[in-house]
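Below is one structure, written out as structure tokens, with a few remarks after it.
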Amino acid sequence: MRTVIKASLSVLLCGAAFAAQAFNVFACEPEWAALTRALMPQAAVFTATHHLQDPHHIEARPALIAQLRRANLAVCTGASLEAGWLPMLQQRAGNPAIQEGRPGLFYAADHVDLIDPYKGSVTPFSGDVHVEGNPHLHADPHRLLKVAQALRQRLTELKPDQASAIDARHRQFDASLRAKLAEWERRAQAIRGKEVVGQHTSLGYLWSWLGLRQVADLEPKPGMPPTPVHLEKTLLKLKAQPAMAIVVASHQDPRAGKWLSAQLGPAVPLLILPATVTQEGEAAFFQWYEQLVSALVQSAR
């Protein structure tokens, strides 16, 4: 009996020691959770959002506060994408490691150049605009590679005892993604220069990467739902200048895109695509980029 008790106590103590040594990562969006897992699969990663949510508007729930309170590292986009909810979480979590300016807070946008910074005056009626630039940078794999390099550096600073393993995982991820880039870009030559309709700028970096142009937006202002008046104006514009496809993200209401596509006919299909990864780990990005490129190339046919 004593042997059983000692064995059970030993298991419990080992489990407690493992939990105490766990490296906890709070990822604001699925793309950063996937990237962290690709570089450091043994980390305990919590994802605050998923691909069917708009990352601009997240409720600061108690569960998120609890996860951020125990985090050793928070990996977020920055560029004001999480401005409506992350500061509140940081304040309520009371975790000094993940406050502004500390090594435990990593913003992906700090490590790449951003496109389309908002140049007007920001008012409560401006919508979801970003003076720093479009924050949805993960849709460009070239920028993702730069973020991966910067995150590798941060992880090795925080966990020097695991630096060799992290570096090896990063080299593997970097080489694999670069190998696929040539194939995706070759296939995308068929659609380079084509025009698309979007909703918001969720895939703006995808257009830039593949050489597409977004000629209309279903939103009258960033973050504002489509209105009948705006859709009628967009319809007239597209009848005069047809686009290759209408693209709506999975987390957005597709009704406006469906209506517009129905008015324009089968030559302008509606594509509903995820604006971020839907899987975990290294394979998540390969699956997502493949899905995006394949859907766009197929729509042109």
Legend entry - Criterion (at pLDDT 50 or above, buried (at least 23 other Cβ atoms within 10 Å of the Cβ) and over 22 Å from F286 (Cβ atoms)) met by exactly one of A27, A48, A34: A48
Legend entry - Matching residues, the stretch 245-273, being touching a helix residue (DSSP H, G or I) at 6+ places or on another chain (Cβ under 8 Å) and in a helix (DSSP H, G or I): A256, W259, L260, Q263, L264
Legend entry - Residues (over 12 Å from Q214 (Cα atoms) and either of a type in the set (K, R) or touching a Lys or Arg at 6+ places or on another chain (Cβ under 8 Å) (or both)) located in the stretch 241-255: R255
Legend entry - Selection within the stretch 253-301 - over 19 Å from D140 (Cβ atoms) and among the hydroxyl-bearing types (S, T, Y): S261, S299
Legend entry - Close pairs (6 angstrom Cβ cut-off, 6 or more residues apart or separate chains): within 14 Å of F26 (Cα to Cα) in the stretch 47-68, of a type in the set (D, E) and in a loop (DSSP other than H, G, I, E, B) anywhere: T49/E29
Legend entry - A243 surrounded by 16 or more Cβ atoms within 10 Å (Cβ to Cβ) and in the same structural domain as L296 (by TED's automatic domain parsing): yes
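Of the residues A150, A168, which is in contact (Cβ under 8 Å) with a residue 40 or more places away in the chain and more than 22 Å from I65 (Cβ to Cβ)?
Just one listed residue meets the conditions, A150.
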Legend entry - Test result for A93, under 26 Å from A43 (Cα atoms), touching a Lys or Arg at 6+ places or on another chain (Cβ under 8 Å) and surrounded by 21 or more Cβ atoms within 10 Å (Cβ to Cβ): yes
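Confirm whether W207 is hydrophobic (A, V, I, L, M, F, W, C), closer than 23 Å to H138 by Cβ, in contact with a strand residue (DSSP E or B) (Cβ under 9 Å, 6 or more places away or on another chain) and assigned to a helix (DSSP H, G or I).
Yes, satisfied.
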Inset, instruction - State whether one or more residues within the stretch 147-155 are among the aliphatic types (A, V, I, L, M), surrounded by 15 or more Cβ atoms within 10 Å (Cβ to Cβ) and modelled with pLDDT under 95. - result: no
Legend entry - Among the residues listed as P222, P266, the single one being at pLDDT below 95, in the same structural domain as K194 (by TED's automatic domain parsing), of a type outside the set (A, V, I, L, M, F, W, C) and surrounded by 15 or more Cβ atoms within 10 Å (Cβ to Cβ): P222
Inset, instruction - Residue by residue through the stretch 175-219, note down the ones that are within 17 Å of the chain's Cα centre (by Cα) and either in the same structural domain as L137 (by TED's automatic domain parsing) or farther than 17 Å from D253 by Cβ (or both). - result: L177, G204, Y205, L206, W207, S208, W209
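The values are calculated or read from the model by the stated rules, or taken from the named source; none is laboratory data. Given the structure is predicted, the values throughout are model-derived calculations rather than measurements. No Cβ is skipped: glycine too gets one built from the backbone with ideal geometry, and neighbour counts run over all protein chains shown.
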